[in-house]
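Structure first, then comments.
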Amino acid sequence: MNNAAGTATQKRREGSSPLLKRLRGLTTVLLSIIATLVGLLFITFLIGRVMPIDPVLAIVGERASKEVYDAAYLSLGLDKPLIVQFGVFLQQVFTGDFGISRLTARPVSDDIIRVFPATLELASVATVFGVLFGVPMGVIAAVHQGKWQDQLIRLFGLFGYSMPIFWLGLMGLLIFYGILGWVGGPGRLDVFYDDLVPVITGMILVDSLIAGEIDIFWNAVSHIILPASLLGYYSLAYISRMTRSFMLEQLTQEYIITARVKGLSEHAVIWRHALGNVMIPLITVIALSYANLLEGSVLTEVIFAWPGLGQYLTTALLSADMNAVMGGTVVVGLIFIGLNLFSDFLYKVVDPRAR
Amino acid sequence: MKIQNWLKGLVLATAISVPAWSAPPSFAATPDDILVVANRIDDIISLDPQEMFEFAGTDYANNVYDSLVSFDPKDLSKGYEPSLAESWTISEDGKTFTFTIREGVKFHSGNDLTAHDAEFSLRRAVGLNKTPSFILTQFGFTPDNMESTIKATDDRTLVVVTDKKYAPSFVLNCFTSAISYIVDSKEVKSHEKDGDWGNEWLRTNSAGSGAYSLVSWKPNESYTLNANPDYWRAKPAMKRVIVRHIQESATQRLLLEKGDVDVARNLSPEDIAGISGNSDLAVDEDLRGRIMYISMNQKDPILSKPQVIEALKYLVDYKGMEGAFLKGQWKVHQAFLPLTYMGELKDQPFSFDVEKAKGLLSEAGYPDGFDVEIIVRDAQERVEIAQSLQNTFAQAGINVSLIQGTGKQILGKYRARDFQIYLGAWGPDYPDPHTNADTFASNPDNADEAQHLGKLAWRNAWAIPELTAMTEAAVQETDNAKRAQMYVDIQKEHQKVSPFAEMFQKNEQTGRRANVSGFVTGSAVTAVYYWTVTK
């Protein structure tokens, strides 16, 4: 009896364990997401409250009388204890309400929906640029380690990494927009195209295609290409250096020697076998680089008059517009968490051992 | 070999894609009936005229709304003149103003503009009690008495009763400011929520009768206006005005040079110099209302000594700064009223004189100087001025530490009277001399508890019963010539004894395409006009 019962329990355990395991895994992931978010919010909230900036002055202005100032102070709930303020804030966040931005007089969620697609569009094009050029350059540098190709790529990457983006952006504008006229100027579109495309995704490249407005699409391309190339140049430098170092490690492995001994072509050895094994750490590198760009690049956005998340967050921070800062922080936090999960998922796609 | 092939492919792809990037059509210049302006507009917090108090916001409102009394953009020096009120009378006791409203004016919605709209708008300003409300409530209007003090007696007559007699020029000048702009009461009332006077709606929408109506506003990005073809003054030549937020001066310059914008409003001295030789472009100059000054906290035992105050005024290199890094953006000016205001004072009694300053410091008992802190916002030109002061003060042995911070940080210290020397700028709130006299030369109660935060004299803990009385008398003087002289006298006394060293007045340099004319930036008294622009 005992034996039979034991076998049944074992069977039940065996039968349900993958499901249980998955559920447990999912719960752990969810809990860690919530804990990370709450922690992130708490730290941002605390920094916002101890910052030597007066959020009330940001609203009422320098000339406000004491009565006007006090009324705004109370309406912000600043008279309540910190922990109560944080509780109220958390409650709002988890119901999707970040409150009204003090600077734009609109719901923060509306603001983020408006500015984030601009950043997403720019960061995505930049990342495509960075990956398309960065990965092959890294591979070439590794294959030709120490030779002129390697040095040239190193120099090219170093230049991108060490030049201030402010200067590079202005020079880029001056040459490609001011002198050569190859690209559009600052802004996402020529002003005459503003508001002509119905907003669906908020990304003009996508929305103009959906609306069948090819002129506007090309105009948007001409505006995005320069800032995206510049940002892409930065991620290119990083991605190519990391690819090179991952590749160098792989190229000394025994399986590479085996592949060569088997008579595989050099192309197959490098691009299929070595690069294939580099993909896992490379995905993390690319995801991190993408996440950094998605936070918004303030200087690029300022120079190119690109109304994205970086500019929005910085203006909000400097003006103590805490609702906007918190809203932005949640979005940035979610991006990092999302991209981490996505790269975990990609590991499993690329590498069966991780499944 | 394979990699080389791949490289070839890459080069080819790049070569093919470059013309593709440059393929899109681009306008060589803006169309003849569209005005595109590059400006910093990130200070716009609200589009509600009874709430806004920032420069870019007022520029917007000046074109979308009208007031009872306003200026002639073609000759701002004439002072106030009839606008939506075609005439007015003032009672013998000087307290009752009866305005006759212009006939036939319509709002953008098509509604007729009547005295009831004016009544609603002025009451709204009082009832909302936002920051600029004091411009009207200083005449004694309160939410409790406004139904009797601000009253439309019929469609064309508005009667306003002040709590006491004021100089008529003072009252009428205040009626030119944004807080007094007339909104479409039917439209705004229809969007009222929980007794908010339609504020939530009007913060992002418009309900005016001005030369332009709002098409769209994207915060920190742009706003677009469409011409009102039925505008009662004139039909605007520019059918559309687009104002884009461009933060960087260099970017504004590039856009202007390429002809993608018609006007660039925030060019740095370097960029102004850079475009000066370009025959396609022109630069306009206009003296604005902002005054750059330093002030000394009178709670400080050293800085409250009259000789120290005077010495510091001789340790400012006014001309040196103007000629060096300020390069035409600020002009030397040593009185608290901006030039072009009633009662302006052009005297410049102070110049950079280290020996004189040293003598005064010795008299005060500080022959070897002292240590002092200057608080300043981290804006480039202010920091440069502060560094110049640090250098010139050192020549008399005064060792300056610069405390930099964001605008809000520095302002917080200033308002809390927690500083030694403050370096900053002040712009008038409305186009009447009382605005600056009331803040620089009036302090009815110097106690900490009095919290006269709007008064700079209080922020600097400067007790001045005599000057306060003089300022109070000037605001009640009905004779304009006498009144102007009173402000000259107040400023002369202020120059002599105050802990304020006024240094410069803002000179705005605007870059524009040479084919654009009639772009009026509003001088010290008002804001930008777009309806006067032609190409």
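The values are calculated or read from the model by the stated rules, or taken from the named source; none is laboratory data. The model shown is predicted, which means the values in this text are computed figures rather than measured ones. Cβ: placed from backbone, ideal geometry, glycine included. Neighbour counts: every protein chain shown. These area figures cover heavy atoms from the full protein model, side chains too; ligands, DNA and RNA do not enter into them. Shrake-Rupley method; radii C 1.70, N 1.55, O 1.52, S 1.80 Å.
Here are the numbers for the structure shown:
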| quantity | calculated |
| --- | --- |
| Euclidean distance of C-alpha centroids, the range B:275-291 and the range A:187-237, integer Å | 33 Å |
| Net charge, B:A501 excluded, C-beta distance under 10 Å - Lys, Arg +1, Asp, Glu -1 | -1 |
| Dipole moment magnitude, nearest 20 debye, the range B:67-117 about Cα centre, only Lys, Arg, Asp, Glu C-beta charged | 140 debye |
| Residues along the range B:209-241 losing 40 Å² or more of accessible surface when the other protein chains are present rather than the chain by itself (probe 1.4 Å) | B:K218, B:P219, B:N220, B:E221 |
| Nearest-10 value in Å² for the accessible area of B:K165, using the 1.4 Å probe | 90 Å² |
| Cα gyration tensor shape of chain B, rounded if a/c is under 1.5, else prolate or oblate by comparing a/b with b/c | oblate |
| Restraint check, B:K319/B:K413; B:K313/B:K358; B:K331/B:K482; B:K356/B:K496; B:K106/B:K186; B:K74/B:K331, Cα-Cα greater than 18 Å | B:K319/B:K413; B:K331/B:K482; B:K74/B:K331 |
| With every protein chain in place, chain A: carbon and sulfur % of accessible area (1.4 Å) | 68 percent |
| Residue among B:N173, B:G328, B:W197 farthest towards the positive dipole end of chain B, charges placed on Cβ | B:G328 |
| Percent RCO, i.e. relative contact order, over the range B:43-210, from Cα pairs under 8 Å lying at least 6 residues apart | 32 percent |
| Cleavage-rule hits (trypsin sites (Lys or Arg not before Pro)) in the range B:66-116: DSSP loop, at most 15 neighbouring Cβ within 10 angstrom | B:K74 |
| Cleavage-rule hits, trypsin sites (Lys or Arg not before Pro), the range B:252-350, DSSP coil, Cβ neighbours within 10 Å at most 12 | B:K346 |
| Sequence of B:D163, A:D207 when ordered by accessible area, the most exposed leading, probe 1.4 angstrom | B:D163, A:D207 |
| Once the Cα gyration tensor of chain A is diagonalised, semi-axes √(5λ) in Å | 41, 35, 19 |
| Positive dipole terminus of the protein assembly as shown, leading residue within A:I335, B:Q505, B:I410 (C-beta point charges) | A:I335 |
| Label-point separation in nm, B:S304 to B:E493, each point 7 Å along Cα→Cβ | 2.1 nm |
| Rule-of-thumb Rg ratio for the protein assembly as shown [Cα; 2.2 N^0.38 Å; N residues] | 1.10 |
| Reachable lysines, given that their alpha-carbon falls under 18 Å from the alpha-carbon of B:K258 and they are not under 8 places away in the same chain | B:K535 |
| Cβ-Cβ FRET estimate between B:S362 and B:E466, R0 fixed at 30 Å, reported to 0.05 | 0.55 |
| Percent carbon-and-sulfur accessible area, the range B:287-507, ignoring ligands, DNA and RNA, probe 1.4 Å | 46 percent |
| Relative contact order (percent, whole number), chain B, Cα cutoff 8 Å, 6+ residue spacing | 19 percent |
| Buried solvent-accessible surface, both chains (B, A), 1.4 Å probe, Å² to nearest 100 | 5300 Å² |
| Two-site FRET efficiency, A:K21 against A:F159, from Cβ-Cβ distance with R₀ of 30 Å, rounded to 0.05 | 0.05 |
| The range A:108-354: relative contact order as a whole-number percent, Cα under 8 Å and 6+ apart | 31 percent |
| Residue-count net charge about B:F419 - beta-carbon cut-off 13 Å; Lys, Arg +1, Asp, Glu -1 | +3 |
| Members of the range B:127-148 that become less accessible by 20 Å² or more once partner protein chains are added (1.4 angstrom probe, chain alone as reference) | B:N129, B:T131 |
| Signed unit charges on C-beta, dipole axis of the range A:108-354, positive-most listed residue A:V108, A:S240, A:P164 | A:S240 |
| Interface residues in the range A:188-206 - accessible area drops by 40 Å² or more relative to the isolated chain, probe 1.4 Å | A:D190, A:V191, A:F192, A:D194, A:D195 |
| ³J(HN,Hα) computed for each position of the range A:95-106 - Karplus, 6.51 cos²θ - 1.76 cosθ + 1.60, integer Hz, glycine/proline x | 9, x, 10, 9, x, 9, 6, 6, 8, 10, 6, 10 |
| Principal semi-axes in Å for the range B:43-210 [√(5λ), Cα gyration tensor, largest first] | 22, 18, 16 |
| Per residue, in Å², the accessible surface of chain B once ligands and nucleic acids are set aside, probe 1.4 Å | 37 Å² |
| Sulfur and carbon atoms: percent of accessible area, the range B:43-210 [1.4 Å] | 46 percent |
| Only Lys, Arg (+1) and Asp, Glu (-1) charged, at Cβ; the range A:108-354 dipole about Cα centre in debye | 1180 debye |
| Charge dipole (debye, nearest 20) of chain B; +1 at Cβ of Lys and Arg, -1 at Cβ of Asp and Glu | 1300 debye |
| For B:D43, net neighbour charge (Lys/Arg +1, Asp/Glu -1) across residues whose Cβ lies under 11 Å away | -2 |
